[in-house]
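Taking it in order: structure first as structure tokens, then the write-up.
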Amino acid sequence: MTLERAPDAAADKALSGEVSPGEPLTKSVTNRLRDMIAQDELPAGERIRERALAETLQVSRTPLREALKILATEGLVELFPNRGAVVAKPDPAEVQDLLQVLGVLEALGGELACARASDRDIAEVQALHYEMLAAYARKDRLAYFKVNQQIHKAIVAISGNASLIETHGRINAQLYRVRYRSNSRNTKWDVAIEEHEAILTALRARDGAALSQILRSHLGSTWANVREGLDEPGENAGS
């Protein structure tokens, strides 16, 4: 099983404000907009001004509109006839419900992954873990968050359960901004690292019960980090 790896240099360039020349334009624009939403460069509830945004990204409005359609399917953007696009602003109760479901999905994914993981699968997750530690050492919140997301998705992917993978991917995409904000608000970053060390240890031991419990608890902390700030402007994620 080949797992998705961390962003490369071209993708990192896209995060600085430009789209990456090394990947399809619509995909690059979509990735950039997704991160702008997560970091509140495009705040929740705000109308997206296509012309100004296209100028900022130095692209035409055609790939921008295609990217907005993709983000609408992910639940990060809402499209309205004759009004254009607005950044989604989910209700806190909806966010809590989705996080509860995601916790159950990741717990199941962890249990199945321990039963089905090959040595190579585990080695790939371990490599991602080391990349995440490097981002932590640099205090790079966004890079840390992206690799963190890849680890969670990789574990679910190892489960081999297509329905689980699809459902997890859909809900996780909808919570992209929420999970990033949880990461940026987390003042106990070292605790999150310890939890990920425990995740890796349980996966190596193929201890499904332990990994399931750790993942569910790990997701539970997300709601605690964001519930008081869903309507507040986002903090500087690099702090």
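Just one residue in the set Ala67, Ala72, Ala54 is free of Cβ contacts under 8 Å to residues at least 60 places away in the same chain, within 27 Å of Gln149 (Cα to Cα) and crowded, with 16+ Cβ neighbours inside 10 Å; that residue is Ala67. Only one entry in Ile151, Ile165, Ile158 is open to solvent by less than 20 Å² (accessible area, probe 1.4 Å), farther than 21 Å from Arg32 by Cβ and within 15 Å of the chain's Cα centre (by Cα), namely Ile151. Consider the range 78-110 and keep the residues that are β-branched (Val, Ile, Thr) and open to solvent by 10 Å² or more (accessible area, probe 1.4 Å). The one that is farthest from Gly160 (Cα to Cα) is Val86. Counting only helices (runs of 4 or more DSSP H) that fall entirely inside the range 106-213 and contain at least 1 residues that are more than 21 Å from Gln96 (Cβ to Cβ), the qualifying elements are 119-137, 141-158, 162-174, 189-204. Of all residue pairs spaced 6 or more apart or on separate chains, those with beta-carbon atoms under 6 Å, a first member in the range 98-115 that is more than 20 Å from Val226 (Cα to Cα) and in contact (Cβ under 8 Å) with a residue 60 or more places away in the chain and a second member that is outside any helix (DSSP H, G or I) and small (Gly, Ala, Ser) are Gly109/Ser159; Leu112/Ser159; Ala113/Ser159.
I need the full set of residues from the range 27-51 which are open to solvent by 80 Å² or more (accessible area, probe 1.4 Å) and either farther than 30 Å from His168 by Cβ or in a helix (DSSP H, G or I) (or both), in order please. Listed by number, the residues that qualify are Lys27, Arg47, Arg49, Arg51.
The values are calculated or read from the model by the stated rules, or taken from the named source; none is laboratory data. Keep in mind that this is a model prediction, so the values were computed, not measured. Positions of Cβ are generated from backbone atoms using ideal geometry, with glycine treated the same way; all protein chains shown enter the neighbour counts. What goes into the accessible areas is simple: the full protein's heavy atoms, side chains included, and nothing from ligands, DNA or RNA. Shrake-Rupley method; radii C 1.70, N 1.55, O 1.52, S 1.80 Å.
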